[in-house]
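K.L.:
If you scroll down you'll find the structure; I have some questions about it.
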Amino acid sequence: MPTLPKRMTDLIHRQILPLGERQKLLQLQQVGKVFNGGVTALHDMSLAVQEGDFISLLGPSGCGKSTALRLIAGLSTPTSGRISWEGGKGAGDLGVVFQEPTLMPWATVAQNVFLPFRLRGKSFAEVKPEIDEALDLVGLSKFADTYPRQLSGGMKMRVSIARALVTNPRLILMDEPFAALDEITRHKLNTDLLSLRERIGCTVIFVTHSVFESVFLSDRIIVMAARPGRVIEEVQVTAPYPRDEVFRTSADYAAHCQVASAALHRAMGEAA
């Protein structure tokens, strides 16, 4: 990815601190979610999110990972418990990347990235510098006037990430964004995502089924079990950033994967 634009550097002053020195951003306190028909998607979920965290929610299908993201995003409301933001939640505090890019096919790349601003009543001209900067961050400056049908799957996901970044949010939620991509593209976007996180200091909550992806990306892995969905363990990945392909083949990576895999197996055993 290209060097961070000067304007974005001027706008963003976040620094990723060591885990023990981070400030609280978001708190889930004994959150539960029961759907119509009595299905319990989440039970008594508590999680403290700190500024600069990269948290992966890891677990089997049906353990409530995506439900937790929807609750944090405000797309659904908890049946019990509470979710609170430190200092309150503002309009631009949250960016969301779904499993599918969900781009508007009739709109150009730049117009798709403009969407969060348009929903707030801003004009394209007013925020064009921010749009240009977001596209530069994800390496798509030359594709601003291109339509989604002309892009590869990986490029479409980059547009979705740019749209989530464009408002400079405090927290980015990502719901298995790379699951449908081939392994080479997925690895590339994993590396690029970490590069973005290092540059702009964002906090990320990332849903995945993959132990390998969670270890590569995260400093905290929240392992969840199903029936009902709940947190079983937390695994800290102590390997330093930046991480690259050398880390993927290291003994340290393999050791962390073994720890996370064992935790996942325990969670699945409890869920059985």
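K.L.:
Just name the residue that is modelled with the lowest pLDDT out of those in region 142-171 that are among the hydroxyl-bearing types (S, T, Y) and crowded, with 16+ Cβ neighbours inside 10 Å. Give the steps one after another, and end with the answer.
P.N.:
Keep residues of region 142-171 that are among the hydroxyl-bearing types (S, T, Y), which gives 146-147, 152, 160, 167.
Filter once more, keeping what is crowded, with 16+ Cβ neighbours inside 10 Å: 147, 160, 167.
Details: Y147: 98, S160: 97, T167: 91.
Here the answer is T167.
K.L.:
Could you count how many residues in region 146-157 are free of Cβ contacts under 8 Å to residues at least 60 places away in the same chain and either closer than 25 Å to S195 by Cα or in the same structural domain as R199 (by TED's automatic domain parsing) (or both)?
P.N.:
8
K.L.:
Out of the residues in region 85-117 meeting the condition of being out of contact with any helix residue (DSSP H, G or I) (no Cβ under 7 Å at 6 or more places or on another chain) and at pLDDT 95 or above, tell me which one is surrounded by the fewest Cβ atoms within 10 Å (Cβ to Cβ).
P.N.:
W106
K.L.:
When the residues of region 194-239 are narrowed to those that are in contact with a His (Cβ under 6 Å, 6 or more places away or on another chain) and assigned to a loop (DSSP other than H, G, I, E, B), which ends up surrounded by the fewest Cβ atoms within 10 Å (Cβ to Cβ)? Show your work before the answer.
P.N.:
As a first pass, look at region 194-239 and keep what is in contact with a His (Cβ under 6 Å, 6 or more places away or on another chain): 215, 228, 230, 237.
When the remaining residues are screened for being assigned to a loop (DSSP other than H, G, I, E, B), the result is 228, 237.
Details: P228: 19, V237: 23.
Among those residues, the one meeting the criterion is P228.
K.L.:
Scan region 176-183 and tell me whether some residue there is more than 16 Å from S218 (Cβ to Cβ), assigned to a helix (DSSP H, G or I) and either modelled with pLDDT under 95 or within 14 Å of the chain's Cα centre (by Cα) (or both).
P.N.:
Checked region 176-183: at least one residue is more than 16 Å from S218 (Cβ to Cβ), assigned to a helix (DSSP H, G or I) and either modelled with pLDDT under 95 or within 14 Å of the chain's Cα centre (by Cα) (or both).
K.L.:
Check every one of the helices (runs of 4 or more DSSP H) wholly within region 51-138 and list those with 1 or more residues that are touching a Pro at 6+ places or on another chain (Cβ under 8 Å) and within 18 Å of L196 (Cα to Cα).
P.N.:
Working: elements: 65-73, 109-118, 124-137.
By residue number, 124-137.
K.L.:
Quick one: would you say V215 is within 19 Å of G52 (Cα to Cα) and either touching a helix residue (DSSP H, G or I) at 6+ places or on another chain (Cβ under 6 Å) or among the acidic types (D, E) (or both)?
P.N.:
yes
The values are calculated or read from the model by the stated rules, or taken from the named source; none is laboratory data. In this text, all values refer to a predicted model and were calculated from it rather than measured experimentally. Cβ atoms come from the backbone with ideal geometry, glycine included; neighbour counts cover every protein chain shown.
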